[in-house]
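The values are calculated or read from the model by the stated rules, or taken from the named source; none is laboratory data. Just so you know, these numbers come straight off a predicted model, no measurement behind them. We place every Cβ from the backbone using ideal geometry, glycine too, and count neighbours over all the protein chains shown. Accessible surface areas use protein heavy atoms only, side chains included; no ligands, DNA or RNA. Shrake-Rupley method; radii C 1.70, N 1.55, O 1.52, S 1.80 Å.
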Amino acid sequence: MNKKRKKVILGLMGLYCLGSSSQVDAAPVTTAAELAATGGVVTVDTTSAMVGEAAMGIWNTGASGDFIYTASDVQINIVGYDLLQVPNLERTGIRSTGSDLTLGKTTLIWRNDSTNTASNFNIYGIKTYNSSTVTLGDESWIDIEGNTSDRLIGVYAGNNAATGPGSVVLGNETSVLVKNNGDGIAYGIQSVDGATTTVGDDLYVKASNGTGGARGLEVGLNQASLAIGSDATVVVDTTGRAQGLFAYDGVFTAQENLNVFVNSTAAGDQQSLGLSAQTNAEVYLNGATVVASQNGVAGVGHSIIASSGATIQ
C-alpha cells in the first residue's frame with residue numbers, strides 16, 4: 001500500500017455510512033452457519049432492542065469448535081452499547097474464547113446511539129483470551145467512536161483465564177480507528193499479559209479522545225508481544241496524554257518505516273510521548289520516524305523515552 005491510501009484514511013474518519021442489505025435480528029452471531037445465512041453481514045441496533053450479551057456482533061464461545069468464515073467479506077454495523085444490559089460492564093464487537101475465530105476481510109463500524117449517551121463500559125472492537133486466536137484478512141477495518149468514562153479499545157489480546165492468553169493475527173493494510181468522546185482512555189491495539197499480536201504490512205492506527213488520554217499501541221506484562229510489518233503509521237491526537245507506543249515488560253518489534261505522530265494539547269511535561277518503554281520492555285525498530293508535538297508544535301514533546309531497565313534498539 002502506498003502513502004496515498006493513508007492520507008485518504010485521515011480524511012474519511014467519521015464519514016463512513018452505516019447500512020447493509022441484511023440484518024441479524026438476534027445478536028450476537030455465534031456460528032459460521034449463522035454468518036453465512038446473512039451473507040457475512042451483521043447489523044445490530046441496541047437503541048431499539050436489548051441484545052442481552054456482552055458480545056454485540058460475533059461471539060465465538062468455543063462450544064461449536066473453531067469459527068471459520070472466509071466465503072465473503074464480513075460487514076458488522078453496531079449502533080449503541082445496550083445500556084440496559086446490566087451488570088455486564090463491557091461490550092465487544094468481535095469476541096472469541098475457547099477456540100479460534102477466522103474471518104476474511106472484515107469491516108466493523110461501531111457508533112454510540114444518536115444521543116451520544118455516556119457509559120462507564122469498557123468497549124472492545126476485538127477481544128480474545130482463553131487460548132483463542134482471532135484472525136482477520138487483509139484490508140480489514142475497525143472503526144469505533146463512542147462516549148465512555150472507561151476504556152475504548154480497537155483490538156485487544158489478553159489473558160483472563162487459567163487456560164492461557166489469547167492472540168490476534170491481522171493481515172496487511174489493516175486500519176484501526178478509535179475515538180473516545182468521553183473522559184476515558186482510547187487505545188488502538190493492546191496486547192497484554194502474555195498475549196501475542198501480529199500485524200502485516202501497512203498498518204494504520206489512529207487513536208484520539210478527550211482528557212483521559214490516548215495510546216496508539218500498547219504491549220506489556222508477562223512478556224506479551226506485539227509485532228508489526230513494514231510501513232506502519234500510528235497517529236495519536238488528544239487533549240490528555242498522547243502516547244504512540246507504550247511498552248512495559250513486553251516485546252515490540254516493527255519492520256522498516258514505522259511512522260509515529262503524536263500530539264497533545266495538555267499542559268505540563270511528558271504529555272506527548274512518541275515511544276515510551278518501561279520495566280524491562282524490549283523495543284526493536286528497523287528505521288522509524290517519530291514526531292512528538294504539543295499544541296501542534298513539534299519538538300515540545302518527547303520522541304523516545306526508556307526507563308527502568310527497558311531497551312529501545
For the range 255-280, pairs from a residue that is under 20 Å from G212 (Cα atoms) and open to solvent by 70 Å² or more (accessible area, probe 1.4 Å) to a residue that is among the aliphatic types (A, V, I, L, M) and not in a loop (DSSP other than H, G, I, E, B), with Cβ under 7 Å and 6 or more apart or across chains, are F261/V235; F261/V291
How about the range 222-241: which of its residues are of a type outside the set (S, T, Y) and either in a loop (DSSP other than H, G, I, E, B) or under 18 Å from A288 (Cα atoms) (or both)?
L226, A227, I228, G229, D231, A232, V234, V235, V236, G240, R241
Selection count, the range 72-94, where residues are under 17 Å from T148 (Cβ atoms) and open to solvent by 10 Å² or more (accessible area, probe 1.4 Å):
9
Check the range 177-197 and report whether any residue there is outside any loop (DSSP other than H, G, I, E, B), aromatic (F, W, Y) and surrounded by fewer than 24 Cβ atoms within 10 Å (Cβ to Cβ).
no
Only one of these is in contact (Cβ under 8 Å) with a residue 60 or more places away in the chain and closer than 25 Å to L203 by Cβ: G125, G146, G93. Name it.
G146
Can you find a residue in the range 263-273 that is among the acidic types (D, E), at pLDDT below 95 and either in contact with a helix residue (DSSP H, G or I) (Cβ under 9 Å, 6 or more places away or on another chain) or in a loop (DSSP other than H, G, I, E, B) (or both)?
yes
Just to be sure before I move on: is S114 under 25 Å from K206 (Cβ atoms) and open to solvent by 60 Å² or more (accessible area, probe 1.4 Å) in the structure I sent?
yes
Candidate set: the range 210-232, residues that are buried (at least 23 other Cβ atoms within 10 Å of the Cβ) and β-branched (V, I, T); chosen: the one nearest to A195 (Cα to Cα)
V219
